[in-house]
Amino acid sequence: ATALYKTETVEKLAAHYLQLLESILRNPSATIAELGILTPSEKEQILGAFNPAQPEAAPAAAFHRLFEEQAERTPEAAAVVYENDRLTYAELNERANRLAATVRASGIGRETIVGILAERSVDLLVAVLAVWKAGGAYVPLDPDYPAERVRFMLEDSGAKVLLTQTALRERAEAWLGEEELALAAVLYLDDETSYSEERMNADSFHEARPEDLAYVIYTSGTTGKPKGVMIEHRSLVNTAAGYRREYRLDQFPVRLLQLASFSFDVFVGDIARTLDHGGTMVLVPKYDRIDPSRLHYWISQQQVT
């Protein structure tokens, strides 16, 4: 079918087919999943040309430990800004520690799932870091989601604690219904009673491993029920190291304009691009995203880089 396929495409298909036959001859008892179709030159291209050796390996640590180290280096630098709210690295770290102690007391430990249902605010970063510091992993829940999607994600992920805001109390209670009985606790990020007096970083007993779960992102569900994708700390740390290397984030002050939805994977990428490098994350208010003229003015005022 020359109208559909180029000569080089057919030649590549033929090479893959021959490679598959050779794989079968070399190991007749292998399962199909164990058989390979890549030619030696393609393997070399993928492993070598596309993925050259890096000058330094990413740290073998959970992401929040890297943040804690950054907070020690730049305690007074602005970490997150939302309208008139601003937290320095020291303030963000301390507030996350206080919430993490409460989350741990609610039964959250290594790789336990916590749902975060919150509007855009500095509370989002406090909540994410607190869950990681407690050893758990979080599931982002957008307040604009339909109730049935929120309930499904909480049930499917096996979330044990929900972190939300008092302004969403009635909505959360209505959405949860009887499912609330399955949760160990519902904590409110803007309620001081949710924060303990433990302000120091957790000791090694609560240390998360690089292979521990960091968060679960759900697909849109357009082809059926949403599916949870599990991301480990080492993947996030490796991503942060890649951003630092490729974007040269250690060569200029980072002030990042944060536009992506909390429920989108890009939000975590924005955390990696900012908090691992002593930068400032500037959260755009939701209404600015539908008003281009206001957004343009707002960006100019925030001095983002």
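Only the coordinates and a few stated rules stand behind these numbers; no lab work does. Because the structure is a prediction, the values reported are computed rather than measured. Every residue, glycine as well, gets a Cβ built from its backbone with ideal geometry; the counts of neighbours run over all protein chains shown.
Worth pointing out:
- Among [x] 21.2; [y] 21.7; [z] 18.9, the entry that matches Kirkwood radius over Cα pairs in Å as calculated here: [y]
- Taking Cα centre as origin and charging only the Cβ of basic (Lys, Arg, +1) and acidic (Asp, Glu, -1) residues, the dipole magnitude of the stretch 63-302 rounds to 640 debye.
- Span per principal axis, largest first, for the Cα atoms of the stretch 99-184 (Å): 29, 26, 17
- Dipole magnitude for the stretch 87-135: about 140 debye, using +1 per Lys or Arg Cβ and -1 per Asp or Glu Cβ, origin at the Cα centre.
- Count Lys and Arg as plus one, Asp and Glu as minus one, and take only other residues whose Cβ is under 12 Å from that of Ala49; the net charge is then -1.
- Taking the C-alpha atoms only, the angle from helix 89-105 to the longest principal axis of the chain is near 90 degrees.
- Cα Rg, Dmax (largest Cα-Cα span) when computed across the stretch 1-42, Å: 12.4, 39
- Under DSSP loop assignment and at most 10 Cβ neighbours within 10 Å, longest GluC sites (Glu not before Pro)-free interval of the chain: 77-196
- Degrees between helix 233-247 axis and first principal axis of the chain (Cα, 0 to 90, nearest 10): 80 degrees
- Degrees separating the helix 147-157 axis from the principal Cα axis of the chain, which is the longest one: 70 degrees
- Normalised contact order of the chain, rounded percent, pairs of Cα under 8 Å and 6 or more residues apart: 19 percent
- Considering only beta bridges that DSSP places wholly inside the chain, some 30 percent are antiparallel.
- Helix content alone sets the calculated 222 nm mean residue ellipticity of the chain: runs of n ≥ 4 DSSP H residues at -39500 (n - 2.57) each, divided across all residues, give -12000 deg cm²/dmol.
- Fraction of beta bridges assigned by DSSP in the stretch 136-244 that are antiparallel (%, nearest 5): 50 percent
- Total charge dipole magnitude, the stretch 7-49, about the Cα centre, Cβ charges on Lys, Arg, Asp, Glu only, Debye to nearest 20: 100 debye
- The order of the peptides 236-245, 257-266, 275-284 by mean Cβ neighbours within 10 Å, most packed first, is 275-284, 236-245, 257-266.
- Unit charges at the beta carbon, dipole of the stretch 42-167: most positive-side option, Tyr82, Ala127, Ala58: Ala127
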